[in-house]
Structure formats: C-alpha cells, structure tokens
1. Would you confirm, using the coordinates I've provided, whether G49 is farther than 13 Å from W110 by Cα and surrounded by fewer than 22 Cβ atoms within 10 Å (Cβ to Cβ)?
2. Is there a residue in region 39-52 that is closer than 25 Å to I155 by Cβ and in a helix (DSSP H, G or I)?
3. Taking into account only those residues within region 63-91 that are under 20 Å from E125 (Cα atoms) and small (G, A, S), which is surrounded by the most Cβ atoms within 10 Å (Cβ to Cβ)?
4. Name the single residue, out of those in region 39-59 being without any contact (Cβ under 8 Å) to a residue 24 or more places away in the chain and out of contact with any helix residue (DSSP H, G or I) (no Cβ under 8 Å at 6 or more places or on another chain), that is nearest to Q167 (Cα to Cα).
5. Can you tell me which residue in region 104-119 is farthest from T157 (Cα to Cα), limited to those that are free of Cβ contacts under 8 Å to residues at least 40 places away in the same chain and under 16 Å from the mean Cα position of the chain (by Cα)?
6. If you check G31, G27, which single one turns out to be over 24 Å from the mean Cα position of the chain (by Cα) and among the small types (G, A, S)?
7. Just give me the residues in region 20-40 being closer than 20 Å to P107 by Cα and surrounded by fewer than 20 Cβ atoms within 10 Å (Cβ to Cβ), in sequence order.
8. All but one of (1) more than 23 Å from D181 (Cβ to Cβ); (2) crowded, with 18+ Cβ neighbours inside 10 Å; (3) out of contact with any His (no Cβ under 7 Å at 6 or more places or on another chain); (4) not charged (D, E, K, R) hold for I12, so report the exception by its number.
Amino acid sequence: MVSDESDRQELILQVATRLFAALGYDGTSSGQIAEAAGLDAATLGHHVGGKRDLYLAVMERAHRTHAAVLETAVKDLMTAPPEQKIVAMHRLIDRYIDFCAENPEVPALWMHRWLSDASDITELESQYVQPLAQLVIDAIAPVAIAEDVDLDYMINTVIWCIHGFVQSGVLDKVGKRHGPDDPRALRRFRAHMHQMLHRTLGLPGSPP
C-alpha cells in the first residue's frame with residue numbers, strides 16, 4: 001500500500017508518464033490518471049496540482065534521465081584521446097539507442113509533441129531538446145571530416161530514426177514489425193545507425 005507522500009507522488013508520476021506516453025497529453029484526462037493511480041480527482045490535485053503541472057513534472061523527469069545519459073557520453077567523447085574519438089562517438093550513439101530502448105516512454109512523449117500534442121505548452125523544446133542537441137552537435141563537429149555535412153540535420157535524423165525504431169520497429173518482408181525487443185532487429189538497426197553516421201561524417205574505414 002502506498003502510505004507516505006513521496007511514494008504516492010512517485011506512483012502518480014509513473015502512472016501519468018505511462019498514460020501521457022501512450023495517449024498524449026491531449027488524449028489523457030486527470031480523471032484517467034486518478035483512476036489508474038487508485039485515487040480520486042481531489043486527492044490527485046492535492047498531491048500534484050492540475051494536469052498541466054503533472055505533465056510538466058513528467059517531462060522534467062524524462063529530461064533529467066535523458067540528459068544524464070547524453071551528458072556522460074558527450075563528456076567521454078570530449079575527453080577521449082584523438083585516436084579514440086571515433087570509437088567514443090559511436091559509443092555515444094549506442095548509449096542513446098540503449099537508453100531509448102530501455103525507456104521507450106521518453107521517445108514516446110517527445111513523438112507526441114512532434115504531432116502537436118500539448119501545443120499550448122511551447123517552451124519544452126527550447127528548454128530541454130535544443131540544448132542537448134547542440135551539446136551533441138558541438139561534441140561531434142570536431143570528429144567530422146566531410147565538409148558538406150549538415151550536423152544539425154544529421155543529429156535530428158539520428159533522433160528521428162532512433163525514436164521511430166523504438167516506437168514502431170521495422171517491417172520485414174511479410175509485413176511483421178520487429179523492434180528493440182527483437183535482438184536481431186536491434187543489432188541490425190544499431191549497425192545501420194553506425195554505418196549511416198560513419199559515412200555521413202566522412203570517417204575513414206568501417207565503423208568500429
């Protein structure tokens with residue numbers, strides 16, 4: 001039984017995250033969240049405020065977990081010796097793929113926003129997304145050899161691909177979807193992302 005304040009708030013956040021990721025902000029009501037958490041609407045409001053407040057708390061927590069992974073990977077890339085830069089860059093991509101595969105609710109939350117979900121809450125991209133994307137772009141820029149690569153679009157392409165694969169998988173020849181829960185599909189996707197990044201940046205040899 002959930003007894004203390006922190007446990008109850010954690011339960012509410014987990015339930016809200018699951019519902020917002022599945023249905024979007026616009027498709028989720030406070031009543032649905034309260035019911036799924038085993039609470040009445042008044043108790044829900046007492047603990048977390050309104051739906052907007054709860055959504056902002058969910059997105060902030062998703063951002064913190066997301067940022068922790070990318071900031072660590074970027075630090076490793078920035079501090080790697082020159083002969084290890086390419087390997088460190090590929091490890092950054094691996095960490096992001098693993099994070100999204102292990103936390104599919106995070107890409108789901110952002111993909112809903114791609115479809116204009118919660119369109120009245122406009123500050124999250126500039127507050128959370130762009131700074132992290134720029135952090136990665138700045139870290140990868142010194143590794144790139146190709147002079148004509150558009151790093152802004154390349155990083156966004158990587159994000160689109162990873163989020164799409166985690167949420168929808170890839171169709172096989174008979175129309176069956178295979179996603180990150182399929183080890184072979186995950187290996188193929190990972191290898192493809194490494195190859196795409198390696199070639200786009202004009203790096204020598206094959207991906208490590």
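Rule-based calculations on the coordinates, nothing more; no lab input. Everything numeric in this text was worked out from a predicted model, so none of it was measured. Don't worry about glycine lacking a Cβ; one is built from the backbone with ideal geometry, like all the others, and counts go over all protein chains shown.
1. On the way: farther than 13 Å from W110 by Cα: yes; surrounded by fewer than 22 Cβ atoms within 10 Å (Cβ to Cβ): yes.
So G49 fits the description; yes.
2. Within region 39-52 (the criterion being closer than 25 Å to I155 by Cβ and in a helix (DSSP H, G or I)), the answer is no, since none of the residues qualifies.
3. A67
4. For region 39-59, the residue satisfying everything is D53.
5. The residue in question is R113.
6. The unique qualifying residue is G31.
7. Of everything in region 20-40, those that are closer than 20 Å to P107 by Cα and surrounded by fewer than 20 Cβ atoms within 10 Å (Cβ to Cβ) turn out to be A22, L23, G24, D26, G27.
8. (3)
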